[in-house]
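**Student:** I am attaching a structure below and will ask some questions about it afterwards.
The values are calculated or read from the model by the stated rules, or taken from the named source; none is laboratory data. Quantities reported herein were computed from a predicted structural model and do not represent experimental measurements. For neighbour counting, all protein chains shown are included, and Cβ atoms are generated from backbone atoms with ideal geometry for every residue, glycine included. Heavy atoms of the whole protein, side chains included, go into the accessibility calculation; ligands, DNA and RNA do not. Shrake-Rupley method; radii C 1.70, N 1.55, O 1.52, S 1.80 Å.
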Amino acid sequence: MSFFSAEAREARTSDLAGLLCGPAQLVRFGASGTARLSVLLPDPGRARPLAARLAEFGVNAELATSESGSLVLRTAFRGDLVELAGQWCRGAVKAVPEEFRLDGALLRMWALGAGIPDRRGGYLLGLDPHAPQTHQPLADAVSYLGLPAQRLGPRGAGPALRITGARRMRRLAELVGDPPEHLPEGHWPTGGTGK
């Protein structure tokens, strides 16, 4: 087992930052000392496994529809999310914390919230289209794990980071661990033969 793999340490609430690597958002509720995590779901099949994973952290979430009609899984406003909001927000703008380092647990949450295999044997980790300032720091964090990734823009199935190559795909599969229960087949990285 890798030192960085999802099973290398116990889960903690700060692992929810993996969702913020993708298009998830954290918003604070005024001066109340609470924050809400909202995860835009690219497909409804993620709702059940993601809600189950959040429940493992003691965080309940509900399905909602955004103003644009997209499916969103969101938590209630909670005090235990304020520290995470403080780390990932500069005012109202999402920002990757300085010295941010990914590990398998964070990468697992990112893959669960916004990852999908591409049609060419690689794997895409979705990025937040509303926070382009996060893209390069996240690409650097993925590279630090030995997974150099290609940045894709909106015309290339992005914004996303694309991981390719058999060795990198094996490394990614090792880091994120086994697929979560109830995740639709074909959504999880495998140690396959990416080009």
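**Student:** Scan (1) farther than 30 Å from Ala92 by Cα; (2) open to solvent by less than 40 Å² (accessible area, probe 1.4 Å); (3) without any contact (Cβ under 8 Å) to a residue 24 or more places away in the chain for the single condition Pro179 breaks and write down its number.
**Tutor:** (2)
**Student:** Spot the failing condition for Pro117; the list is (1) in contact with a helix residue (DSSP H, G or I) (Cβ under 8 Å, 6 or more places away or on another chain); (2) in contact (Cβ under 8 Å) with a residue 60 or more places away in the chain; (3) closer than 18 Å to Thr190 by Cβ, and only one is missed.
**Tutor:** Unmet condition: (1).
**Student:** Looking only at the range 159-176, count how many residues are open to solvent by 20 Å² or more (accessible area, probe 1.4 Å) and in a loop (DSSP other than H, G, I, E, B).
**Tutor:** Looking only at that region, the number is 2.
**Student:** Is it the case, given these coordinates, that Ala47 is among the small types (Gly, Ala, Ser), touching a residue at least 12 places away in the same chain (Cβ under 8 Å), surrounded by 18 or more Cβ atoms within 10 Å (Cβ to Cβ) and out of contact with any strand residue (DSSP E or B) (no Cβ under 7 Å at 6 or more places or on another chain)?
**Tutor:** Considered against the rule, which asks whether it is among the small types (Gly, Ala, Ser), touching a residue at least 12 places away in the same chain (Cβ under 8 Å), surrounded by 18 or more Cβ atoms within 10 Å (Cβ to Cβ) and out of contact with any strand residue (DSSP E or B) (no Cβ under 7 Å at 6 or more places or on another chain), Ala47 comes out as no.
**Student:** Would you check if Gly186 is out of contact with any helix residue (DSSP H, G or I) (no Cβ under 9 Å at 6 or more places or on another chain), within 24 Å of Leu41 (Cβ to Cβ) and not in a strand (DSSP E or B)?
**Tutor:** Taking the combined requirement at face value, the residue satisfies it.
**Student:** Now, a different point. Take the conditions in contact with a Lys or Arg (Cβ under 8 Å, 6 or more places away or on another chain), buried (at least 18 other Cβ atoms within 10 Å of the Cβ) and of a type outside the set (A, V, I, L, M) and apply them to Tyr123. Does it pass?
**Tutor:** For Tyr123, the condition - in contact with a Lys or Arg (Cβ under 8 Å, 6 or more places away or on another chain), buried (at least 18 other Cβ atoms within 10 Å of the Cβ) and of a type outside the set (A, V, I, L, M) - is met.
**Student:** Just the residues that are under 14 Å from the mean Cα position of the chain (by Cα) and either assigned to a loop (DSSP other than H, G, I, E, B) or in contact (Cβ under 8 Å) with a residue 24 or more places away in the chain (or both), please, taken from the range 138-158.
**Tutor:** Leu138, Ala141, Val142
**Student:** Further question: Anything in the range 95-110 that is in contact with a Leu (Cβ under 7 Å, 6 or more places away or on another chain) and not in a loop (DSSP other than H, G, I, E, B)? List them, or say none.
**Tutor:** Selection gives Gly104, Leu107, Met109, Trp110.
**Student:** Same structure again: Taking the range 127-136 on its own, how many of its residues are at pLDDT 95 or above and either under 21 Å from Glu174 (Cβ atoms) or open to solvent by 50 Å² or more (accessible area, probe 1.4 Å) (or both)?
**Tutor:** Number of matching residues: 3.
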